[in-house]
Amino acid sequence: MSKQAKRKQKPELIHWRLYVVVGLVCLLFVSLIGRAAYIQIIEPEKLRHESDMRTLRTTSREVQRGLITDRNGEMLAVSVPVRAVWADPKQVHDKNGFADMRRWQALADVLHEPVDAILERVKSNPKKRFTYLKRQVTPGVADYIGQLKLPGVFLKSESRRYYPAGEIAAQLIGITNIDDIGIEGIENTYNSWLTGTPSKQKVRKSRDGHVVERLDIVQEGESPNDLVLSIDQRIQQLAYRELKRATEMNRATSGSVVVLDVHTGEVLAMVNTPSYNPNAREKLKPYRMRNRAMTDTYEPGSVIKPFVVAAALEAGTIKQDEVIKTYPGLMRIGGKIVRDSRYYGDMSLAEILVHSSNVGMTKIALSMPVQQLLGYLQSVGLGNYSGINLAGESAGLIHDRRRWSEFERATLSFGYGLTVTPLQLARMYAVLGSKGVLYPVSILKLKQKPQGEQVISPAVAQSVMHMLVGVTQKGGTATQAHIDGYPTAGKTGTARKAVAGGYGDDYVAQFAGVAPVNDPRLAIVVVINEPKGDKYYGGDVAAPVYAAVMSGALQMLNVEPMTAKAQVQLAGIPRSAE
Amino acid sequence: MSKPQLNLTRIIVLDLWRHKWVLVVATLVVLNAILVVYTSHVSRKLTTQWDQLLQERDRLDIEWRNLLLEEQSLAEHSRITRVATKELNMSRPLPSEEVVVRLP
């Protein structure tokens, strides 16, 4: 073996090679660690951002407008979620959305609109970023549209308000506009109470769309509140049916009925004709939407008389048992004449009210100072807001002036020269039933009895109420208001309507009353405006409505009727076999 | 050469025994790490479930609202009155015809 070969047999370490390899390996690890450190420590934000872009989503929880129910929990207004279909015309154009016209045709078919009309909206301005195609689409249709996968066409949540009571409570409840904002009635007044705001929350979603982590709340939502009204839908429905029938039969322009709970001032029913269907918004007319029972004022006529009598009794200018001479059935004051429909002879206070004698009332009114009478009428609620707190309420009008002619004082006593709303009138009659206590009117169901104000002494209120019982009995002006079983105290009113320069040929027929007299529960006012039939007296036009509503309502409230029949006792005898 | 025979296994065991606390802690660390993973997995599943339940609640709420509407339109008073009078030949008694039954 040569020396060379021997050297070769013994392996030698080539140092530079080793260093290069070791160096390379070290470099590899250093760069890996460096990269990891760079990602983890120096600039972690970028990757986090990338990750968040793919997983973080903001979800919003839509809330529906609060429910409106009557006092027994029956729904008067319910919101149901629907969808709005909208398009982004720019995106439609950019994504070549018109390539498949069959889809557009299908969209047009399901929306019941011509396809050209829809395309026109999208094509008219390609730079536009938003246009509604159709609002308030039902969820089923919305799903279908979603599956059409039209580029640039999207769905948006919104809600639609339904009014199950329909026209029965239309003016009272009011309506919302298409953006779910109350614009009329209770919907308007209590808009912020009923409206909630959606809550928004950041969440992390997994690849398959499940929420895996809930992060911070972007926007704290506010849940909407429900509203419980004092209305009793059964009575409301009954009142509306009777009023509608009477309005049609008498060909009247309009009518209102107000039913008040005597002991709390709660409104149990408030209906108006003509009404409208709040679920069909296409044909809304302003004159149908007005809540006439509280917005429209008129001269009350004879229905005011009991309160003039009460005022005089309270002032002490006449006595309970006073007999007033009305001979010869007419009276000359300041060159003008006050007359009765016929001469009734000398009358007690009750008879004056029962026959609605203007002469008798004039004598009573003239016995006391006019300011005292006006102040008294104001204290029972005339010329004041009733406390119902709804937009559009009218306070009526009482003239406040120094000089009154005797004739004006006389006309005041039978209800001319001042204006009232039906609601005010109902509140006044409720005072008679509540032993002289005036309560603020409430449209919301009350948890406890409100603080009332004693405006008539209990004795006077009681005696005036009993004087009015005769009105519905034989010989009175409103025998049609008589209810078998529920003795009722009420007063008719037939007032001529003022036109420019005097009084016209149109009338307002009214009946107002409380029942049952032995333990009053309800005060009802019926006003029928401009009856055009043969009959126009309050006793003929308004009284039947009053009787039907009052007897039905008292039955629904389980008020025991006063009947001569023997009461049935549940026998305690066991029915065992003999 | 008479070096004492060393039993490697024995040495390892002895050594481990000497550092037993470190071992225990190391095991705990590993266990803990696994538990963290497991817990976050469970929490994610629960979150998903919660979210699904919320969605279910919303769906039921919508269904309830629609059923309410249906109930209201079917139980509308004038409809009940009509059915009772026309189809069932019922009528509302007058107040004077009412008979009051008192519970003893």
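The values are calculated or read from the model by the stated rules, or taken from the named source; none is laboratory data. As the structure is a prediction and not an experimental result, all values here were calculated from the model. Cβ sites come from the backbone with ideal geometry, for glycine too, and all protein chains shown count toward neighbours. We work out accessible area using only protein heavy atoms, side chains counted, and drop any ligands, DNA or RNA first. Shrake-Rupley method; radii C 1.70, N 1.55, O 1.52, S 1.80 Å.
List of remarks:
- Qualifying residue in region B:64-79 (condition: at pLDDT below 90, of a type in the set (K, R) and open to solvent by 100 Å² or more (accessible area, probe 1.4 Å)): no
- Cβ-Cβ contacts under 6 Å between residues 6 or more apart (or on different chains), taken from a first residue in region B:11-22 that is open to solvent by less than 100 Å² (accessible area, probe 1.4 Å) to a second residue that is not in a helix (DSSP H, G or I), are absent.
- Some residue of region A:85-98 being among the aliphatic types (A, V, I, L, M), free of Cβ contacts under 8 Å to residues at least 12 places away in the same chain, more than 14 Å from chain B (Cβ to nearest Cβ) and open to solvent by less than 80 Å² (accessible area, probe 1.4 Å): no
- Flag if A:G417 is in contact with a helix residue (DSSP H, G or I) (Cβ under 8 Å, 6 or more places away or on another chain), on the phi > 0 side of the Ramachandran plot and open to solvent by 20 Å² or more (accessible area, probe 1.4 Å): yes
- A single entry from A:S356, A:S348 fulfils the requirement of being polar (S, T, N, Q) and in contact with a Ser or Thr (Cβ under 7 Å, 6 or more places away or on another chain): A:S356.
- The number of residues in region A:219-232 being open to solvent by less than 70 Å² (accessible area, probe 1.4 Å) and at pLDDT 85 or above comes to 8.
- Selection status of A:D216, open to solvent by 70 Å² or more (accessible area, probe 1.4 Å), within 14 Å of chain B (Cβ to nearest Cβ) and modelled with pLDDT under 90: no
- Residues being more than 46 Å from the chain's Cα centre (by Cα) and in a loop (DSSP other than H, G, I, E, B) - total across region A:332-354: 6
- Within region A:470-518, being on the phi < 0 side of the Ramachandran plot and within 14 Å of chain B (Cβ to nearest Cβ) holds for A:T472, A:A481, A:H482, A:I483, A:D484, A:Y486, A:P487, A:T488, A:A515, A:P516, A:V517, A:N518.
- Checked against the criteria, A:K285 counts as under 18 Å from the mean Cα position of the chain (by Cα) and more than 14 Å from chain B (Cβ to nearest Cβ).
- Criterion (modelled with pLDDT under 90, more than 26 Å from A:Y190 (Cβ to Cβ) and open to solvent by less than 30 Å² (accessible area, probe 1.4 Å)) met by exactly one of A:I388, A:I456, A:I398: A:I398
- Filtered residue count, region A:312-329, keeping only those that are surrounded by 22 or more Cβ atoms within 10 Å (Cβ to Cβ) and in contact with a Gly (Cβ under 9 Å, 6 or more places away or on another chain): 1
- Restricting A:A169, A:A142 to those that are open to solvent by less than 20 Å² (accessible area, probe 1.4 Å) and touching a helix residue (DSSP H, G or I) at 6+ places or on another chain (Cβ under 6 Å) reduces the list to A:A169.
- Residue list for region A:202-213, restricted to those being open to solvent by 50 Å² or more (accessible area, probe 1.4 Å), facing chain B (nearest Cβ under 8 Å) and under 42 Å from the mean Cα position of the chain (by Cα): A:H210
Yes or no, residue by residue, for (1) of a type outside the set (D, E); (2) more than 9 Å from chain A (Cβ to nearest Cβ):
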residue	(1), (2)
B:A33	yes, yes
B:R44	yes, no
B:H77	yes, no
B:E87	no, yes
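- Residue within region A:314-331 that is under 30 Å from A:N188 (Cα atoms) and part of a loop (DSSP other than H, G, I, E, B) present: no
- Any hit, region A:355-369, residues being open to solvent by less than 20 Å² (accessible area, probe 1.4 Å) and under 33 Å from the mean Cα position of the chain (by Cα): no
- Of the helices (runs of 4 or more DSSP H) lying entirely inside region A:74-166, those containing at least 1 residues that are under 19 Å from A:E62 (Cα atoms) span A:139-148.
- Residue in region A:181-197 that is at pLDDT below 95, more than 20 Å from A:A391 (Cβ to Cβ), within 13 Å of chain B (Cβ to nearest Cβ) and open to solvent by 30 Å² or more (accessible area, probe 1.4 Å) present: no
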